[in-house]
Amino acid sequence: MSKFTIFVSGSINLPARAVVKELNKHDDKITKLRLGLLPGQTTLDLVRGYTEVFYINPSERNTINVALEGVDAAFVWDSELEDKSHLNDFIDIAVEKGVKQLVVLSAYNTNPLAAEDIEKYIISKQIPSYTFLRVPFFTHHLNLYTDSIIKEKVLPLPIGFEGTFSPLDDRDFGEVVATILLAGVTENPYNKMIYTLTGPKLYSGPQLAEKLSIIMNDQIDFRGTSQNEAEAFLIQAIPSEFRNKNQLVKHYLEFYRLIRDGEIGMTTDDVKKIMGDEKSPRDIEGYFGEVLLQTISI
């Protein structure tokens with residue numbers, strides 16, 4: 001059985017953490033699992049005997065050089081909060097170091113078409129195997145509203161009453177990425193493919209509030225807010241010490257606009273295409289139910 005040295009970028013972020021957690025279930029296929037972190041970050045709960053932690057300073061190419069030395073496969077992603085040149089540096093160095101396989105989250109909580117530039121850049125490189133994943137909306141971005149749901153019984157979102165979206169559970173994302181990374185390069189069925197990953201159902205704001213009411217066994221109301229109200233909410237809800245807070249607020253407001261304008265109202269079967277017909281992506285009640293119940297029990 002082939003074993004791989006795998007690099008996971010941004011390992012403290014929730015999508016990447018989900019990838020690492022899933023890879024840790026397949027330790028028989030892993031020689032080394034390298035976690036890419038920013039200086040000062042830590043993920044002790046993810047560390048196993050084969051884990052190596054590399055601190056990446058995106059402005060210092062040598063830190064990327066060291067992390068990708070001897071790597072067979074890597075998961076990297078295009079954060080809307082980072083300079084686009086940083087991901088390009090990862091790609092260029094991956095080519096220099098002979099990384100054979102890339103799995104790329106090329107659209108992260110945005111319109112899938114926004115991924116085209118970075119995808120074209122990667123296609124232009126001599127990489128044996130690459131797979132592009134586009135995710136219009138992750139479920140975990142609703143975590144900011146936990147207190148409002150529990151304490152005020154309100155879900156306040158600036159998406160109008162008609163805008164719809166289909167949140168993807170982080171755990172499904174982790175399973176998809178791990179499956180592709182561990183498929184190797186030879187006869188990899190996911191090579192040179194583009195997948196748009198979504199949850200199984202579309203929700204409008206009122207429909208989501210109705211679902212939350214069932215989860216909570218209490219009445220949760222949807223409140224369609226203005227962009228200004230949403231911005232004030234986000235500024236208060238996101239911790240001040242959060243890196244790139246102002247950019248993150250703008251990013252949230254942008255994907256709320258995408259929902260409101262009907263640009264990401266879609267569902268796909270791409271999770272099943274990768275995981276098999278027997279695997280249905282988790283509906284939002286599984287993720288949000290756990291988050292809410294854990295919060296209430298604290």
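Read-outs throughout are calculated quantities, based only on the coordinates presented, and are distinct from any laboratory measurement. Treat the numbers as computed from the prediction; the structure is a model and nothing was measured. Because the Cβ atoms are built from the backbone with ideal geometry, glycine has one as well, and the counts that use them run over all protein chains shown.
At-a-glance table
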read-out: Using alpha-carbon coordinates, inclination of helix 14-23 to the longest axis of the chain, degrees; value: 50
read-out: Peptides ranked, highest mean first, by Cβ atoms within 10 Å: ranges 128-138, 193-203; value: 128-138, 193-203
read-out: Residue among ASN111, ASN65, ASN143 with the largest mean-square fluctuation in a Gaussian network model of the chain, springs linking Cα atoms under 10 Å; value: ASN143
read-out: Between the range 88-156 and the range 1-69, the alpha-carbon center distance in angstrom; value: 17
read-out: Euclidean distance between Cα centres, the range 239-255 to the range 177-204, Å; value: 28
read-out: Summed side-chain charge close to PHE233 - residues other than PHE233 whose Cβ falls under 13 Å, Lys, Arg +1, Asp, Glu -1; value: -3
read-out: Acute angle (nearest 10 degrees) that the helix 245-260 long axis makes with the longest principal axis of the chain, alpha-carbon atoms; value: 70
read-out: 0 to 90° range, to nearest 10: angle between helix 84-97 axis and the chain longest Cα axis; value: 30
read-out: GNM top mover of THR179, THR267, THR43 - the chain, alpha-carbon springs below 10 Å; value: THR43
read-out: GNM top mover of ALA67, ALA178, ALA114 - the chain, alpha-carbon springs below 10 Å; value: ALA114
